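The values are calculated or read from the model by the stated rules, or taken from the named source; none is laboratory data. Values in this document were obtained by computation on a predicted structure and should not be read as measured data. Positions of Cβ are backbone-derived with ideal geometry, glycine not excepted, and every protein chain shown enters the neighbour counts. When the accessible area is computed, the model is the full protein with side chains, heavy atoms only, and any ligands, DNA or RNA have been set aside. Shrake-Rupley method; radii C 1.70, N 1.55, O 1.52, S 1.80 Å.
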Amino acid sequence: MNEQINPRIDQEWREVLEQEFQQPYFKALKQFLQEEKAMYTVYPPGKNIFEAFNRTPFSKVKVVILGQDPYHGPGQAHGLCFSVPEQVEFPPSLQNILKELESDLGFPFPAHGNLSSWADQGVLLLNATLTVRANQAGSHQGRGWEQFTDSAIRQLSDKRSGLVFMLWGNYARNKKALIDPSKHRILEAPHPSPLSVYRGFFGCRHFSQANEWLIKTGQSPVDWRIV
């Protein structure tokens, strides 16, 4: 576990977040994860904990989608928020995200829910908490991950410009305080979970709005199709 949390993270992100790795909270988080791993199953697998950062280097980020917690069922979490590996059943929130994508851009509902192709194009699929105990949602909240991921959001806001931040649900919307709205486009909607999806997530058209902003600011749009 030690080497897995001694972050095998993209070099650009390592430089941007270097100070976080030296902080007492991060060392305590590392210790906590070692203890958890000794007693429980922890998701995602160690090699995938920093997958969002490794797939989407700091200079390549165009869009940020914020989630809260990794999926806590077997085989679901692979380090990208809302995404699942191929052959894994669609969780309800992901199903609703893909329905909105279909409605917004007319893409057919995909055969799988692996969003890696988004990450490879500059969509940072970032959970606020990067690990979770199996079958216990929220079990690793308040242990330091939020401080780390808040720092990542703040660094993107400060050092980049023209990004799109998609904030779905109250938890993500609270991160608005970390983002400079004069430099970036902030898109807000209710969470795509079945409990709130009909309160305004369906019909939010965030995917087309993101591309309109990217084009307007001289960036290439994201191909949101999942193939």
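Of Leu66, Leu29, Leu17, which residue is among the hydrophobic types (A, V, I, L, M, F, W, C) and touching a strand residue (DSSP E or B) at 6+ places or on another chain (Cβ under 7 Å)?
Leu66
Which of the residues belonging to segment 20-60 are of a type in the set (S, T, N, Q), in a helix (DSSP H, G or I) and either open to solvent by less than 60 Å² (accessible area, probe 1.4 Å) or touching a residue at least 12 places away in the same chain (Cβ under 8 Å) (or both)?
Selection gives Gln34, Asn48, Asn54, Ser59.
Which of (1) open to solvent by less than 30 Å² (accessible area, probe 1.4 Å); (2) free of Cβ contacts under 8 Å to residues at least 60 places away in the same chain; (3) in contact with a helix residue (DSSP H, G or I) (Cβ under 9 Å, 6 or more places away or on another chain) is the odd one out, the single condition Val63 does not satisfy?
Unmet for Val63, out of (1) open to solvent by less than 30 Å² (accessible area, probe 1.4 Å); (2) free of Cβ contacts under 8 Å to residues at least 60 places away in the same chain; (3) in contact with a helix residue (DSSP H, G or I) (Cβ under 9 Å, 6 or more places away or on another chain): (2).
Restricting to segment 79-117, what's the tally of residues that are in a loop (DSSP other than H, G, I, E, B) and small (Gly, Ala, Ser)?
Total meeting the criteria: 5.
Hey, can you tell me all the residues within segment 146-164 that are under 19 Å from Glu51 (Cα atoms) and open to solvent by less than 30 Å² (accessible area, probe 1.4 Å)?
Phe148, Thr149, Ser151, Ala152, Ile153, Leu156
Report, by residue number, each residue of segment 95-147 that is in contact (Cβ under 8 Å) with a residue 12 or more places away in the chain and among the aromatic types (Phe, Trp, Tyr).
Phe107, Trp118, Trp145, listed by residue number.
Could you grab me the full set of residues in segment 96-119 that are open to solvent by 60 Å² or more (accessible area, probe 1.4 Å) and under 20 Å from Gln76 (Cβ atoms)?
Within segment 96-119, Lys99, Phe109, Ala111 qualify.
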